[in-house]
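Data first, discussion second: the structure below is written as structure tokens.
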Amino acid sequence: MDLTKLLIVLLEVLFLLMVSPLLTGVVRRVKSWMQCRSGPSVLQPYRDLWKLFRKSTVASREASWLFLLIPYVCLGAMLCLSVIVPVFSAGPAGKTGDMLAAVYVLGLFRFMMVLGGLEGGSSFGGMGSSREMMISAIVEPTLLLSIFSVAAISGSTDLSFISGFFASSGAEALSPSLFLAAAAISISLLAENSRVPFDNPATHLELTMVHEGMLLEYSGRELGMMELASQLRLTLFMVILSNVFFPWGIALGTGVGELALGAGSIALKLLLISAGLAMVESVMAKMRLFRLPNLLTISFTLSLLAVMSYYIL
Amino acid sequence: MLSIDTINFLAAAILLVSLLVMASTRMGQLVRSFALQSIMLAAVAAVLAHQTGSDHIYLVAALTLVVKGVAIPRFLTYSVDRLKVRREIEPLVGIPASLLISGGLVIVAYYVTEPLISSAEAVTRNCLAISLSVVFIGMFMMISRRKAITQMVGLLMMENGLFLGIISTTYGMPLIVEIGIFFDVFMAVLIMGIFAYRINRSFETLDTTFMRRLRG
Amino acid sequence: MFPAILPYLMLALPLSAAVASLLLRDRRVGAMAYVCAAASAVSAAMWSVVVLLHGTQTYSWDTSSVWSSYAITLDPLGALVLLISSLTFACVALYSLFSREGVTVRGAVLFNLFMLSVMLAMVADHVLLLLVAWESMSLTSFLGAWGDREDQDTSAGWRYLAVTHFGAALLIAAFSFLAITSGEVRLSAMLGLSGSLGPAVSALVILMVFLGFGSKLGLLPFHIWMPDLYGRAHSTITSLLSTAASNVAVLVLVRTVFGYVGVGQQQVLALTIMGLAALTALWGAWQALMQAEGSRVLAYSSMENMGLILLTIGAAMLFQSYGAGEPAAFALMAAMFHLVNHTVFKALLLMGAGTVRRATGEGSMERLGGLARTMPGLSAVFLVGVLSVAALPPFNGFVSEWAMFKSLMHAELISDPLVQLALPLAIAVMALCTAIAAAAYLRLYGFTFLGRPRSAGACRPRPMAFSELFPFIPLALLCLLLGVASFPLLRELAASVSPLVGIPGVQVVEGSSISLLHQGGLDPLGLSALLAGGVLLCYLAMRALGPRRLVRGDTWDCGTPLDRRTQYTPTGFSQPLLKVFTKVYAPVTEVREDPRPSPYIRGVRFEQRLPEVFLERFYLPLSAAAIALAMRVKRMQSGSIQAYLAYIMITLIVLLVVLR
């Protein structure tokens, strides 16, 4: 691993860390605009995190040694993932990271978070954990099938390779299965990151909580870490979506100009996707819990069709 | 030639006596008919011995006479006296019907042995068929009668039939086998006698239709 | 000289220990028997290492028996499986030895005999040795599970015996047939018999072998005995049964299907096997989610893992039948690696579950909770086991499941449209299966160890001594080691399965990265390093912000005091998934109004029961039909002597007439 690559990796990780709270702020701002109010500043999440990191921690008496360990594992997993995912550059100059392994690292994050929800011994946490497992049980197959279809088209499960492949092959790689896989992954993005219609990220009412329910017992810097990890997860999903399905502008070499172009293009794409996410959230309402499997089955069918259409067409 | 005719005659007589055994309802008559059958069997063996000239078949004939012709019928009579049974009361299959069935069994025996004996000599042919008929009739007697003594006689008749078959086809077995068989038969009869007594003691009857505990 | 006595030690130690315990009936001798068992396991491990270094070894004893010489043989594939299995056995032996209740003579005898039969079955080279060892495995496990307590319902035990013997019958038939056809009784001399058997017959033989071994692995519908056995038996027996029996079964299965018989062109058979295995895995995952007892969850988890392994083996058969040797080798390697990993983490989990049950006196998760605070050591190692079984990095389950997924992603190599539809379906099923299973394991850990204790036993469990915890540590370390640094093992595995599919070798490991045909690889070492690095970075960053100020307080309760009943229950946790998959579970619900205790209080009773589908729809009707048939035949047995004699006579006459 030569120095250039190491430098690029470090830059990418820093970029992602810095950008994640900003994107959350953008989403909130756009949502408030759609609701005809001015809303908080886009820099507000930074201030929230800074406040949380300086506060003391209150842990439940029922919580065990695992409770205080979980935020480190979650944030560490997301940092690991940010190293794997191609941000500025892809292809031979980029890093190697398996897409399948990425899904499993996300699984580790979710597993730990759900365990954290059960720690406090309260109903909020249990409810959030139970609903999260219901959603994830149907979302994971969708993700894996979409990966399979993308891997089949590009010939590898390596993220950087896939990204470079689609960037360099241009229009001839476009196929209906790619489109279906993109649709399936978009729905999975909403599900995994607890966005409307799956969950309302701004609520604290127990009947509507999924993600927030699991985080209810955390406070202080642990809560800050979990919030940062969740924001990082959203950003990573958006990066995967943009760099796998819309990889135009990504750097295929290590030239400074290319990298600058890659950084600029990913920043632009992330902003666009955040704005799109905000609009989707404003237009739709949160669905009833037991209507969610219908939506998830639709996305599962889309990914299954993506795989089938690749082989049949 | 004389001997062959004699053997044929005796074999036919054995078959007739089997039917007679089938027809008898009284114990005394039964045992005496059985004794007659055994004596005729001994006679067949003697004639065969004369014909082939081997000495040990004479011995076999003598054994048959003594054991099956005299000793066992005496023992059976003794048992009958001790057990005070005099007659077979109402066999499961009526006498006329059982005689008809015995006739049918003889026909079946001839049918079954036909391919076996088509290539052999006449005397063997006849004796083999008759021996199989006697076996069948003995088995049928065991099925269709109630009293334990009658079933014993049926078993002994089966043994007679087999013996006839053996000596007519192989002209005698090794002596040691013969002696073994006789010993077997004697023991069987002794044991059956003891059992008959015991059955009578326990059940107050020798009617085997009362013994139905061995069921699923 | 020294290596030559290792196999003898391996077999002789448990036998003599069992005999000694049986004759002397002393508890100290029983404790020594466990030590002997551990020593035998260690010698088995050493022998495996010797074989890995020097190649296949065979030992035979010439007896003047009609069956020619008995022999045992260990090839590299068997050596790899035996190595990990024996290390696990040693840990289980120590676990039994150090358990607080002490040893029983009966337990020691059965343990040693079971271990002996398992090891013998793994190395047996003679058909008769294999079958006898298999049978003694079934018998010793049956006695270990059901012989001890007299007051319990033994119908589950008879079910186990019936299903196992049905499988054994199939195996005896299949192996005898192979022996007769080939004229060999030595297993290593039987190779490629599908040529002489023909496709239809070899398909039948393979199917019989699959179903025969599947009865022990929990293949649908032979799985009904598993939850009952795991629920009632002592954790020593279940730890061995789940790991050892499965290892033997899969090892001999792979050798038979790929080596002795050969796959040939059996595409339809491979697809059938894949379908059956997929259904098994799904059913295991679905049922694991709904169980109330921890040991029953682990029983269904075994079923699910075995289903996944068999699915991958079926995929290997499919690739092999189309002539794609390298994907077949990769798939076999992935399946065997998962088998080995399953041994380690399943033993860990079952030992943990047994310890929890003995320490608290409760088996059901509905009455546990909060054990992470009172038994922190056990909760830590159990977490390692749960993370491994849920296939999460950086542990071993993750690497083997990744490999199994990857091995299915080769549909473009085969142009048959049926296969191109089947493989994505298999991936979908596997993905659904692992997702549901992960929920089940999470529920297992969360409700046993976290939260508030739900009963008095869970409130004050019997404290654990370090000696009790000690046997768990090597297994947990092995889980981590196999997850992080498994490439030497994978290289050896790939080399040992390649001859089975007929290729000289397959490159699966480059440096520290596992890949096949350069289609994207996994670097488990790198990934684990990244994870550890990430966690370390967070820790350092947080330390830089200043020391943590921790205050203990109440759980957020909205003002009402919480007690043990105001937290989520395991049933409630899995309720949403029950609603989603309600067609699968077919729950039977009953709502009854209780008689009014007073005019002002109304009592309603809600009862929901999840029926055991296979038991009620398949086995019970089958046995009822069999009993009805037997009742009708019983009328033939009238008890009358005359009737029996008449049967004999009629049969005789008929035979004579027919055969003239």
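If I go through the range A:139-156 residue by residue, how many of them are modelled with pLDDT of 85 or more and among the hydroxyl-bearing types (S, T, Y)?
3
Restrict the check to the range A:82-94 and report whether at least one residue is farther than 24 Å from A:V150 by Cα, in a helix (DSSP H, G or I) and more than 7 Å from chain C (Cβ to nearest Cβ). So that I can check it myself, show each step before the final result.
Here is the first cut: in the range A:82-94, the ones farther than 24 Å from A:V150 by Cα are none.
Among the residues of the range A:82-94, not one is farther than 24 Å from A:V150 by Cα, in a helix (DSSP H, G or I) and more than 7 Å from chain C (Cβ to nearest Cβ), which makes the answer no.
Considering only residues of the range A:127-138 that are within 8 Å of chain C (Cβ to nearest Cβ) and touching a residue at least 60 places away in the same chain (Cβ under 8 Å), which is nearest to C:A439 (Cα to Cα)?
Filtering first and then ranking leaves A:M134.
Taking A:L241, is it in contact with a helix residue (DSSP H, G or I) (Cβ under 7 Å, 6 or more places away or on another chain) and among the hydrophobic types (A, V, I, L, M, F, W, C)? Show your work before the answer.
Values: in contact with a helix residue (DSSP H, G or I) (Cβ under 7 Å, 6 or more places away or on another chain): yes; among the hydrophobic types (A, V, I, L, M, F, W, C): yes.
Criteria met by A:L241.
Could you tell me whether A:A63 is under 28 Å from C:L537 (Cα atoms), assigned to a loop (DSSP other than H, G, I, E, B) and touching a residue at least 24 places away in the same chain (Cβ under 8 Å)?
The answer is yes for A:A63.
Among the residues of the range C:623-660, write down those that are β-branched (V, I, T) and more than 20 Å from B:R146 (Cβ to Cβ).
C:I627, C:V633, C:T651, C:I653, C:V654, C:V657, C:V658 - these are the residues of the range C:623-660 that are β-branched (V, I, T) and more than 20 Å from B:R146 (Cβ to Cβ).
Tell me which helices (runs of 4 or more DSSP H) are completely within the range B:13-119 and hold 1 or more residues being free of Cβ contacts under 8 Å to residues at least 40 places away in the same chain and of a type in the set (S, T, N, Q), or say none if there are none.
Those helices (runs of 4 or more DSSP H) span B:27-52, B:95-117.
Is it true that C:F447 is in contact with a Ser or Thr (Cβ under 8 Å, 6 or more places away or on another chain), within 8 Å of another protein chain (Cβ to nearest Cβ) and touching a residue at least 40 places away in the same chain (Cβ under 8 Å)?
Working: in contact with a Ser or Thr (Cβ under 8 Å, 6 or more places away or on another chain): yes; within 8 Å of another protein chain (Cβ to nearest Cβ): yes; touching a residue at least 40 places away in the same chain (Cβ under 8 Å): yes.
It is true that C:F447 is in contact with a Ser or Thr (Cβ under 8 Å, 6 or more places away or on another chain), within 8 Å of another protein chain (Cβ to nearest Cβ) and touching a residue at least 40 places away in the same chain (Cβ under 8 Å).
Do the conditions hold for C:V103, that is, is it part of a helix (DSSP H, G or I) and of a type in the set (V, I, T)?
Details: part of a helix (DSSP H, G or I): no; of a type in the set (V, I, T): yes.
No; evaluated as a whole, the condition is false for this residue.
May I ask you to list the residues in the range C:404-420 that are assigned to a helix (DSSP H, G or I) and either under 30 Å from A:W65 (Cβ atoms) or within 10 Å of chain A (Cβ to nearest Cβ) (or both)?
C:F405, C:K406, C:L408, C:A411, C:E412, C:P417, C:V419, C:Q420
Residues C:L332, C:L413, C:L311: which one is in the same structural domain as C:L282 (by TED's automatic domain parsing), under 28 Å from C:Q291 (Cβ atoms), among the hydrophobic types (A, V, I, L, M, F, W, C) and in contact (Cβ under 8 Å) with a residue 60 or more places away in the chain?
Answer to the selection: C:L311.
Do you know which residues across the range C:272-292 are buried (at least 20 other Cβ atoms within 10 Å of the Cβ) and under 18 Å from C:L318 (Cα atoms)?
Going through the range C:272-292, the residues buried (at least 20 other Cβ atoms within 10 Å of the Cβ) turn out to be C:273-274, C:276-278, C:280-291.
Residues satisfying the conditions are C:I273, C:M274, C:L276, C:A277, C:A278.
Just to be sure, is C:D594 part of a strand (DSSP E or B), modelled with pLDDT under 85, farther than 22 Å from A:L108 by Cβ and more than 9 Å from chain A (Cβ to nearest Cβ)? Break it down into steps so the answer makes sense when it comes.
Numbers: part of a strand (DSSP E or B): yes; modelled with pLDDT under 85: yes; farther than 22 Å from A:L108 by Cβ: yes; more than 9 Å from chain A (Cβ to nearest Cβ): yes.
So C:D594 fits the description; yes.
Which count do you get for residues in the range C:381-400 that are within 8 Å of chain A (Cβ to nearest Cβ) and assigned to a helix (DSSP H, G or I)?
3
Please specify each residue of the range A:114-125 satisfying the condition of being touching a residue at least 60 places away in the same chain (Cβ under 8 Å) and crowded, with 24+ Cβ neighbours inside 10 Å.
Those that are touching a residue at least 60 places away in the same chain (Cβ under 8 Å) and crowded, with 24+ Cβ neighbours inside 10 Å: A:V114, A:G116, A:G117, A:E119, A:G120, A:G121, A:S122, A:F124, A:G125.
Output the helices (runs of 4 or more DSSP H) that fall wholly within the range C:500-582 and possess 1 or more residues being more than 10 Å from chain A (Cβ to nearest Cβ) and modelled with pLDDT of 85 or more, or say none.
Answer list for the range C:500-582: C:524-544, C:570-573.
Are there any helices (runs of 4 or more DSSP H) wholly within the range C:175-249 with 3 or more residues that are out of contact with any strand residue (DSSP E or B) (no Cβ under 6 Å at 6 or more places or on another chain), crowded, with 20+ Cβ neighbours inside 10 Å and in contact (Cβ under 8 Å) with a residue 12 or more places away in the chain, and if so which? It would help to see each step written out before you state the result.
Values: elements: C:194-197, C:199-217, C:225-232, C:235-240.
Where helices (runs of 4 or more DSSP H) fall fully within the range C:175-249 and carry at least 3 residues being out of contact with any strand residue (DSSP E or B) (no Cβ under 6 Å at 6 or more places or on another chain), crowded, with 20+ Cβ neighbours inside 10 Å and in contact (Cβ under 8 Å) with a residue 12 or more places away in the chain, they are C:199-217, C:225-232, C:235-240.
Looking at the range C:594-628, which of the residues that are over 21 Å from C:S155 (Cα atoms) and among the aliphatic types (A, V, I, L, M) is nearest to the chain's Cα centre (by Cα)? Quick ask: steps written out before the conclusion?
Step one: filter the range C:594-628 for residues over 21 Å from C:S155 (Cα atoms), giving C:594-608.
From what's left, among the aliphatic types (A, V, I, L, M): C:601, C:604.
Numbers: C:I601: 50, C:V604: 42 Å.
Among them, the one singled out is C:V604.
Give all pairs with beta carbons closer than 7 Å in which a residue from the range C:3-28 that is touching a residue at least 12 places away in the same chain (Cβ under 8 Å) meets a residue that is outside any helix (DSSP H, G or I); count only pairs at least 6 apart in sequence or on separate chains.
Pairs found: C:P7/C:Y59; C:P7/C:I72; C:R27/C:G102; C:R27/C:V103.
Scan the range B:169-179 and give yes if some residue there is of a type outside the set (F, W, Y), assigned to a helix (DSSP H, G or I), farther than 24 Å from B:V135 by Cα and at pLDDT 75 or above, otherwise no.
No.
Please work out which residue is modelled with the lowest pLDDT, limiting yourself to the range C:466-493 and to residues that are over 22 Å from the mean Cα position of the chain (by Cα) and crowded, with 16+ Cβ neighbours inside 10 Å.
So in the range C:466-493, the residues over 22 Å from the mean Cα position of the chain (by Cα) come out as C:466-470, C:484-485, C:487-488, C:491-492.
From the residues that got through so far, the ones that are crowded, with 16+ Cβ neighbours inside 10 Å too are C:468-469, C:484, C:487, C:491-492.
Values: C:E468: 86, C:L469: 89, C:V484: 88, C:F487: 80, C:R491: 83, C:E492: 83.
For the range C:466-493, the residue satisfying everything is C:F487.
Go through the range A:55-77 and count every residue that is out of contact with any helix residue (DSSP H, G or I) (no Cβ under 6 Å at 6 or more places or on another chain) and more than 7 Å from chain C (Cβ to nearest Cβ).
Going through the range A:55-77 one residue at a time, the tally reaches 2.
In the range A:296-313, which residues are touching a residue at least 40 places away in the same chain (Cβ under 8 Å), within 12 Å of chain C (Cβ to nearest Cβ) and surrounded by fewer than 17 Cβ atoms within 10 Å (Cβ to Cβ)?
A:T297, A:L313
Give just the number: which of (1) β-branched (V, I, T); (2) out of contact with any strand residue (DSSP E or B) (no Cβ under 6 Å at 6 or more places or on another chain); (3) within 14 Å of another protein chain (Cβ to nearest Cβ) does C:I601 not satisfy?
(3)
What residue, of B:I72, B:I101, B:I95, is among the hydrophobic types (A, V, I, L, M, F, W, C) and loosely packed, with under 15 Cβ neighbours inside 10 Å? Steps first, answer last, please.
Details: B:I72 fails: loosely packed, with under 15 Cβ neighbours inside 10 Å; B:I101 fails: loosely packed, with under 15 Cβ neighbours inside 10 Å.
Matching residue, one of B:I72, B:I101, B:I95: B:I95.
Please go through the range C:632-650 and give me each residue that is more than 9 Å from chain B (Cβ to nearest Cβ) and either more than 24 Å from B:M142 (Cβ to Cβ) or under 48 Å from the mean Cα position of the chain (by Cα) (or both), ordered by number.
C:R632
Hey, among C:G457, C:G377, which residue is modelled with pLDDT under 85, farther than 26 Å from C:A331 by Cβ and part of a helix (DSSP H, G or I)?
Just a single option satisfies the conditions, and that option is C:G457.
Is there a residue being surrounded by 24 or more Cβ atoms within 10 Å (Cβ to Cβ), among the charged types (D, E, K, R) and either farther than 30 Å from C:C433 by Cβ or touching a residue at least 60 places away in the same chain (Cβ under 8 Å) (or both) anywhere in the range A:139-158?
Yes, the conditions are met somewhere in the range A:139-158.
The values are calculated or read from the model by the stated rules, or taken from the named source; none is laboratory data. Note that this is a predicted model, so its numbers are computed, not measured. Ideal geometry is used to build each Cβ from the backbone, glycine not excepted, and the neighbour counts take in all protein chains shown.
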